[in-house]
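Bear in mind these aren't lab numbers, they're just calculated from the coordinates by the rules spelled out. Since we're looking at a predicted model, the values are computed, not measured. Cβ placement follows ideal geometry from the backbone for every residue including glycine, while neighbour counts extend to all protein chains displayed.
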Amino acid sequence: MTRAALAALLLFALSARAQQRPSFTMQGGVVSAALPSSVLQDASVQKQLGSGLTTTFLVVARENKRLSGVRLEVRYDLWDEVWLVKRVDFEGKIDRQRLASREALEKWWRTPVRLLSTAADRVLLQVDVSVLPFSAAEEEDARQWITKSGGVGTAAAGGGGIVDALIGTTISARPITSFRWNVDLSLR
Amino acid sequence: MTRTRSLAILLAAVAAAALLFWVVLHQVSGHWLDVALRPDVRQALERSMEDQKQLRKLDPQRREVYRRRFDETQTLLNRIEVLRMNREAMLRRFELALMVVFSLGALLAAVTLWMRYRREQARERAEYLQRVTSLQETARRHAHEIKGPLTAARLELERFTDLARRGAAEQELNAAHDSVGEELERLARFTREFSSFGGVGSPVLRRESLGQLVEEFCSTFANAWPSLRLDDTGGDAVVCVDRDLFRQVLVNLCTNSARAAGEDGRMTFSIVKNGAQVMLDARDNGSGIPPSLRARVFDPYVTTRRIGEGMGLGLSISRKVMLDHGGDLELLESSAAGTVFRITFGVNAC
């Protein structure tokens, strides 16, 4: 029993070591984070990135009771074979780019993203990254599609419409994986 | 018995609902989704997209066309992929909805069956109560019918003994003796009435002219009931009938009417034909049967007469006779203006 517990602890420590951490910077009252490549290299994320759907990374930072969020979207354009990326920082600024290679994507990924502003010298931060398999627009498109057709009939077809609507409203982007880091940042 | 049957029906309904639920759940609910999510569908769409990409190289002038087709296919593929990722959640929701529907259905069935069971139980109790009340009334009537003549006979016998002891005159003794005899005759009449109820024989049916039977009856019994005039409206039809038993039915009906009609009573017989069906309506001008008795008028011991004046077996015997004829005796209507009984004869009963 004790051995099993020790083995589990060891495995947990090894995995924690293998899991890279984001690097944080504080400048001008703004905390920025460069997310680790390990997130992109995660098996489930890798698989999702090649699906043609927009993989969405929701980065949520909690400082005390404050919440701040950033959204990163990555879609592989199968026609032009380029990466279409979008970054929305905590102030709502949008940055879109078209990246020609996987290397360019990795480089873009490591670019620090503005996470939250703070006046404090020291910040205890909890950062969560949820990886959603598709975007809100794609979710809505699929919902509309199934609600209208259901693959079996029209929405106006009585009970079928109710069933389609019932199922259509079930569609939502559930995280395929998530990451969490706790950091203690200080200007001193 | 009723409870057991209700429970059996309930269990059968639940089992049927569960089976249907299982079939829908496992054979239907995921099927349509799985059709869209089949790997070969996805592969075909991916191949189609790849083909569009190849075509743009071979035919650059139509690049936009291929691009549009590519985008359309990819949108479809994306939708299917979104469905695939939500398959389990969608099926769970669908199954939950089905479960709710089936549960509501089962609940409704259970409530319905329970209410039906309670209703049957209440009806059974009411019928039992009615039977017991009827038996009570019968017992009371029997006791009274026997007690009256019995007491009178006992008193007369005591008087006879006393007279004999005192050496009374023969005339006095004979009067007391006759009196005892009268009371015993009353008891015998009472017993006969029961015997006639128990001993209604099976009819021996013969083809007879109904018109002639009614005419004969009206003529023979013209003076049987001094307050009742018998009218025959004529007409004729051939029926299968046992003369004697049929006559007994008419006598019973007339006896009742004579009591109900008072001084100026009238009983009118009319032959009615409806195709092969022959009926005889017996209409009197009596005061009618009280509404509370109409539904039970053919039940034994149901009567408007006071105790000691009759047992209320006449109509019961009469209906039994007509049912044995393959026909029936019904109460057609009854009001303050009179009562109509309809005698129906069996078609081709002989």
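What to note about this one:
- Taking each residue of the stretch A:36-65 that is farther than 26 Å from residue B:71 by Cα and looking for partners that are among the basic types (Lys, Arg) with beta-carbon atoms closer than 6 Å, six or more apart or interchain, yields A:58/A:71.
- When every residue of the stretch A:116-127 is checked against the conditions, at least one turns out to be in a loop (DSSP other than H, G, I, E, B) and without any contact (Cβ under 8 Å) to a residue 60 or more places away in the chain.
- Residues considered: B:172, B:215. Of these, the only one that is in a helix (DSSP H, G or I), out of contact with any Ser or Thr (no Cβ under 8 Å at 6 or more places or on another chain) and under 26 Å from residue B:348 (Cβ atoms) is B:215.
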